[in-house]
Amino acid sequence: MDTLDQLKTLGFTTNEAKAYIALLGCEPASAYEVAKQAGLPTSKIYEVVARLTNRGVFQASEDDAGNLHYYAMNPRDLMASIRSKTIMETEQLLPELQKITANSQSNLIWPLLDAAQVQSRTIELLHQAKQSILISLWPEELSWAEPALRAAENRDVRIALVHFGKPVITIGATYHHPVERTLYAEKGGRGLTVVVDGSQVVIANFKIGDVVDGAWSRNESFVTVAEDYVKHDVYITKVTRFLGPEVVERFGEDYRKMRDVFDANA
């Protein structure tokens, strides 16, 4: 998703997003100059500029000749403003919607259709965590999940993190899964499992070729299975950490015999 599309998800129209991006690169500028820079018809630019000015995204300044030139709100300030407004509006709306809902959706499993949806929902859950986080992930996902995990750690949320690949950082109780290369070859991608407070779960598979298959749910059975999955990964990492040579001797390199679940005698 490019910058233009991201601004549109935040409530900008296509023309507004183009005008804002254009003005950032040429401010101060007249409406005509913004239109030229943005590739917009001059017949439409005045309406666009007026809307953005009314919303505080643009600010007009008049020169000595009476000509108007515009400045764009600093991107950091704009994002902070949108964030604050969204939080305020959602907090006001939530209790009103809760009066309406029959709470019949708690057992549903909601699909997450792309990497952006997986990332957004995962970070949202991590920020909601009050008691515990169980998370199993690869370096690629840790790169964007780390800030939210750090914030949870600072709130004294208990964290157990299973990392596929040698971890270079430690968050909460961090465990290095011992057979990440073999699992990658078997699955043809990476997996993400996040359980928050034993009540919500995000599961996703990131397959070769940028194919993403994910889901989020409060379904109790779904949550329990995911929670059990992460805990068992923790158990196996503890066993292999302290009994590594003995486990390799018994089950072979990469614990091949242990992973053969269809051979009870291996």
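Laboratory data are not the source of any read-out in this text; all were calculated from the coordinates shown. Just so it is clear, the structure is predicted and the values come from calculations on it, not from any experiment. Heads up, the Cβs are rebuilt from the backbone with ideal geometry, glycines too, and the neighbour counts pull from every protein chain shown.
Legend: calculated FRET efficiency, MET88 to LYS231, from the Cβ-Cβ distance at R0 = 51 Å, rounded to 0.05, equals 0.85. Here the calculated FRET efficiency for ALA80 and ARG218, from their Cβ-Cβ distance with R0 = 30 Å, stands at 0.45, rounded to the nearest 0.05. Computed 3J(HN,Hα) for the stretch 128-138, one whole-Hz value per residue from the Karplus formula 6.51 cos²θ - 1.76 cosθ + 1.60 where θ = phi - 60°, is 7, 4, 10, 10, 8, 9, 10, 9, 10, 7, 10, glycine and proline marked x.
Among beta bridges identified by DSSP and lying wholly in the chain, the antiparallel ones come to about 70 percent. Checking [x] 19.8; [y] 13.0; [z] 21.3 against mean projected area of the Cα convex hull in nm² calculated from these atoms, the matching label is [x]. Taking the charge dipole of the chain about its Cα centre, with +1 at Lys and Arg Cβ atoms and -1 at Asp and Glu Cβ atoms, the residue from PRO139, TYR229, VAL168 reaching farthest to the positive side is TYR229. At an R0 of 45 angstrom, the distance between the Cβ atoms of GLN131 and VAL211 translates into a FRET efficiency of 0.85. Whole-Hz Karplus values for the stretch 75-87 come out as x, 5, 5, 5, 5, 5, 5, 5, 4, 5, 5, 5, 4 Hz, taken residue by residue from phi with 6.51 cos²θ - 1.76 cosθ + 1.60 and θ = phi - 60°; glycine and proline positions read x. Take the alpha carbon gyration tensor of the stretch 1-132, find the square roots of its eigenvalues, order them as a ≥ b ≥ c, and report rounded if a/c is under 1.5; if not, report prolate when a/b exceeds b/c, else oblate. Prolate shape, in that a/c is at least 1.5 and a/b is the bigger ratio.
Relative to the current alpha-carbon distance between LYS99 and ASP114, full extension at 0.36 nm per residue lengthens the span by 2.3 nm. Against the main long axis of the alpha-carbon atoms of the chain, helix 42-54 sits at an angle near 70°. A Gaussian network model of the chain, with springs between Cα atoms under 10 Å, assigns the largest mean-square fluctuation among VAL195, VAL34, VAL118 to VAL34. Measuring against 26 Å, Cα to Cα, the residue pairs LYS207/LYS238; LYS8/LYS99; LYS130/LYS231; LYS99/LYS231 contain LYS207/LYS238; LYS8/LYS99; LYS99/LYS231 as the ones spanning a longer distance. Each Lys and Arg Cβ is given +1 and each Asp and Glu Cβ -1; about its Cα centre, the stretch 183-230 then shows a dipole of about 180 debye. In this simple spin-label approximation, ASP5 and ALA65 carry label points 7 Å from Cα along the Cα→Cβ vector, and these lie 4.2 nm apart.
If only the Cβ of Lys and Arg carry +1 and only the Cβ of Asp and Glu carry -1, the dipole of the stretch 3-75 around its Cα centre is close to 340 debye.
About its Cα centre, the dipole of the chain is roughly 380 debye, where the only charges are +1 on Lys and Arg Cβ and -1 on Asp and Glu Cβ.
Looking at THR42, VAL195, ILE100, which one has the Cα that reaches farthest to the positive end of the dipole of the chain (charges on Cβ: Lys, Arg +1; Asp, Glu -1)? Result: VAL195.
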